[in-house]
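Q: Sharing a structure with you now.
The values are calculated or read from the model by the stated rules, or taken from the named source; none is laboratory data. In this text the structure is predicted, and so the values were computed from the model without any measurement. Here the Cβ positions follow ideal geometry from the backbone for every residue, glycine too, while neighbour counts run over all protein chains shown.
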Amino acid sequence: MDLGAPPGAEVRAAFEGKVTSIFTPASPQEGIYGDQISIRHNPTSGGGAGAFYAHLKASVTVGSVVTRGQVIGRIVKFAGIPPHLHLALVRQPPFAV
């Protein structure tokens with residue numbers, strides 16, 4: 001879902017969990033999504049739920065454990081696209097064994 005927000009608005013974790021990846025675009029063409037953060041919300045289970053956040057500047061690092069409501073980044077503005085947060089709640093596959 002896309003949630004309208006002004007540039008600089010804080011983005012907070014929807015649930016507690018562990019930051020499993022942050023993709024930072026290498027070029028302006030890829031940069032339309034800003035930093036993209038994935039958080040696994042039951043990091044010790046074999047599967048479970050997670051969240052994906054895009055269109056922001058991350059303030060956490062991979063491996064960070066976050067609490068619900070913790071600031072994980074701030075909204076950034078891109079030319080031609082209204083500022084917003086893209087949030088996807090996802091079912092994550094089990095860890096490889």
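Q: Please go through the stretch 46-55 and give me each residue that is over 11 Å from Ile22 (Cα atoms) and touching a residue at least 40 places away in the same chain (Cβ under 8 Å), ordered by number. Spell out how you get there, then give the answer.
A: So in the stretch 46-55, the residues over 11 Å from Ile22 (Cα atoms) come out as 46-51, 55.
Passing the criteria: Gly46, Gly47, Gly48, Ala49, Gly50.
Q: Out of the residues in the stretch 4-26 that are in a strand (DSSP E or B) and touching a residue at least 60 places away in the same chain (Cβ under 8 Å), state the one that is farthest from Val66 (Cα to Cα). Break it down stepwise before answering.
A: Filtering the stretch 4-26 for residues in a strand (DSSP E or B) gives 4, 10-12, 17-23.
With the extra rule that they be touching a residue at least 60 places away in the same chain (Cβ under 8 Å), the set shrinks to 4, 10-12.
Details: Gly4: 23, Glu10: 15, Val11: 12, Arg12: 9 Å.
Across the stretch 4-26, the extreme among qualifying residues is Gly4.
Q: Identify all residues within the stretch 45-90 that are more than 20 Å from Asp2 (Cα to Cα), assigned to a strand (DSSP E or B) and at pLDDT 90 or above; write none if there are none.
A: Within the stretch 45-90, Val65, Val66 meet the criteria.
Q: Let me ask another. Can you pull out the residues in the stretch 48-72 that are aromatic (Phe, Trp, Tyr) and over 12 Å from Gly34 (Cβ atoms)? Working first, answer last.
A: Taking the stretch 48-72 first, the residues aromatic (Phe, Trp, Tyr) are 52-53.
Matches in the stretch 48-72: Phe52 only.
Q: If we scan the stretch 27-40, do we find a residue that is touching a strand residue (DSSP E or B) at 6+ places or on another chain (Cβ under 7 Å), among the aliphatic types (A, V, I, L, M), at pLDDT below 85 and part of a strand (DSSP E or B)?
A: No, the conditions are met nowhere in the stretch 27-40.
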